[in-house]
Structures are given as C-alpha cells and as structure tokens.
Amino acid sequence: MDIRVLPVEIPAEDGAVLRGQQWGNGPDWIILLHEPGAERDLDGWRPLLPAIVTPERTVLTVDLRGHGASDGAWDDTLCGADIAVLLAFARTNGAAWVALAGAGDSATQILEFSSTTPIDASILLSPVFRGGQADALRGRGEAKLFAVGSRSEQLSEEIRKARNRSIGWAMLVSMPTDAQGVDLLTGPYSSQLVERIVSFLAEQRMLARHALPGRRASAS
C-alpha cells in the first residue's frame, strides 16, 4: 500500500505554527497528539501508523507547540485552542468523521475539549488526572478507548474511574507494564494495544455509519 505522506503547517490562534505530517487523504480522520515532555514529538506514534493508515483515512500526526518542529513553548492552557484549530483543519479538508488520540497530558486535554465540543471518538493513552478531573471529564457521549500500564496503581485506578464515569461507550485496555503514554506502543504488550485500537476505530466507524447505540466494555 503506497500512501503519500505530506508535511503540514497549521497556524494556531496566536500565530504559532503547528507542524506535522498528513498520511493519506480519506474522509475518516485520526489526529494524533503525543504527550508533552523533553524529546517527545510526533515520531512517538510511528509504531501505530502501519496499522491505522488506510486508503479511506487521513492520519494527521502533529508536534505539540514547543516540541519537534512546531513553534512556541508548551503551554497546557493553549492546548484546547490548538486542538480546536486541528479539528477545524480536518473539517475544512473534507473530514466526515474525526477521532482524536492523545497521550499523557494531551489525552487529558482531549477529554476536556470533548466535554464541550463534539467529536466522534477518542483514544486516550495514560491520561493524567488532577484535582477531581476523573469525575468531571466525562465527554458528550463519544466513544472512548482508554489505555494504561497497570503497574502504576494510582494512575490505573484514576483511569478506571474515568472510564466508569464516562458518558457513552468506553473501553479500558490495561497492560502489566510500567510504560505509559505512547511508550505503550512498544514493548512486549504493544501488539495487544495496537489490535484494540484498530478494532475500536473500525467498530466505531461502522456504528457511526449505521447510527447504532453505543455500549461499555473493558479489556485487560
């Protein structure tokens, strides 16, 4: 399968340019946001790309502001506005269905964003909750796939709570590892998570086409 990858530059509201890569040109969009941190960038998603890049999809990987090739400095208070800009970019370029994927703080920001803005699905690798966020960030009914390395007992419990209180269909993939975020996509348990993500995306797109009601699930 030969699918073109193109560089993209997307201006944020404050003029900073978010840079990334666009794989394919289909109507189903998946936007991937890595977690913030030193030496983190869009390449963290590379282990997942061969499994999710298909002719009917567009996959957009983006460096967060202050990371990789993107402008500015990381500021979590601007992340929601940046997500809105990326979603608008997808819609403007023909997106009929959009899933957002994030890791760490980016996953938390996606949950916060989706509490006020409709999206179709979200993939949330090790979201970090603070000050009751696990109770408050419930979404608007979009399907969610949570994933966590279960050896972090506190984080695992917080994510399980968020899954249980989520509005709409929600799945939890829990793996016996210390890894978190995009690091869950490498190592001995990575194939399990990749398979779950592929199935989740395919099922949710099918349900959207047929407008079937959602359901709740758990996987360990």
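Out of everything in the stretch 1-47 that is among the basic types (K, R) and within 19 Å of the chain's Cα centre (by Cα), what residue ends up being surrounded by the fewest Cβ atoms within 10 Å (Cβ to Cβ)? Before the answer, list the steps.
If we filter the stretch 1-47 for residues that are among the basic types (K, R), which is where we start, we get 4, 19, 40, 46.
This time we only want the ones that are within 19 Å of the chain's Cα centre (by Cα), so: 19, 40, 46.
Details: R19: 18, R40: 20, R46: 12.
The extreme case among them is R46.
Could you please find all residues in the stretch 148-163 being surrounded by 16 or more Cβ atoms within 10 Å (Cβ to Cβ) and of a type outside the set (D, E, K, R)?
Narrowing the stretch 148-163 to residues surrounded by 16 or more Cβ atoms within 10 Å (Cβ to Cβ): 148-150, 152, 155-156, 158-160, 162-163.
Scanning the stretch 148-163 gives V148, G149, S150, S152, L155, S156, I159, A162.
In the stretch 160-201, how many are among the hydrophobic types (A, V, I, L, M, F, W, C), in contact with a Ser or Thr (Cβ under 7 Å, 6 or more places away or on another chain) and not in a strand (DSSP E or B)?
Residues of the stretch 160-201 that are among the hydrophobic types (A, V, I, L, M, F, W, C), as a first pass: 162, 167, 169-173, 175, 179, 182, 184-185, 193-194, 197-198, 200-201.
So of that shortlist, the ones also in contact with a Ser or Thr (Cβ under 7 Å, 6 or more places away or on another chain) come out as 171-172, 175, 184.
Subset that is not in a strand (DSSP E or B): 184.
The qualifying residues number 1.
Return the residues of the stretch 50-70 that are within 13 Å of the chain's Cα centre (by Cα), closer than 20 Å to Q180 by Cα and without any contact (Cβ under 8 Å) to a residue 40 or more places away in the chain; say none if nothing qualifies.
Once the filter is applied, which keeps residues that are within 13 Å of the chain's Cα centre (by Cα), closer than 20 Å to Q180 by Cα and without any contact (Cβ under 8 Å) to a residue 40 or more places away in the chain, the stretch 50-70 yields nothing.
Evaluate the following for A81: is it over 26 Å from V194 (Cα atoms), surrounded by fewer than 19 Cβ atoms within 10 Å (Cβ to Cβ) and in contact with a Lys or Arg (Cβ under 9 Å, 6 or more places away or on another chain)?
Numbers: over 26 Å from V194 (Cα atoms): yes; surrounded by fewer than 19 Cβ atoms within 10 Å (Cβ to Cβ): yes; in contact with a Lys or Arg (Cβ under 9 Å, 6 or more places away or on another chain): no.
Here the answer is no, as A81 does not meet what is asked.
What's the number of the only condition in (1) at pLDDT below 95; (2) part of a helix (DSSP H, G or I) that D43 fails to meet?
Of the numbered conditions (1) at pLDDT below 95; (2) part of a helix (DSSP H, G or I), the odd one out for D43 is (1).
When you scan the stretch 109-131, do you find a residue that is of a type in the set (F, W, Y), assigned to a helix (DSSP H, G or I) and under 14 Å from the mean Cα position of the chain (by Cα), even just one?
From the stretch 109-131, those of a type in the set (F, W, Y) are 113, 129; that's our starting set.
Checking which are assigned to a helix (DSSP H, G or I) leaves us with 113.
Checking the rest, the ones that are also under 14 Å from the mean Cα position of the chain (by Cα) come to 113.
For the stretch 109-131, residues of a type in the set (F, W, Y), assigned to a helix (DSSP H, G or I) and under 14 Å from the mean Cα position of the chain (by Cα): present.
Can you spot a residue in the stretch 78-95 that is in a helix (DSSP H, G or I), under 29 Å from Y189 (Cα atoms) and among the basic types (K, R)?
Scanning the stretch 78-95 turns up no residue that is in a helix (DSSP H, G or I), under 29 Å from Y189 (Cα atoms) and among the basic types (K, R).
In the stretch 95-119, how many are crowded, with 21+ Cβ neighbours inside 10 Å and charged (D, E, K, R)?
Total satisfying the criteria: 1.
The values are calculated or read from the model by the stated rules, or taken from the named source; none is laboratory data. In this text, all values refer to a predicted model and were calculated from it rather than measured experimentally. Reconstructed Cβ throughout: ideal geometry from the backbone, glycine too, with neighbour counts over all protein chains shown.
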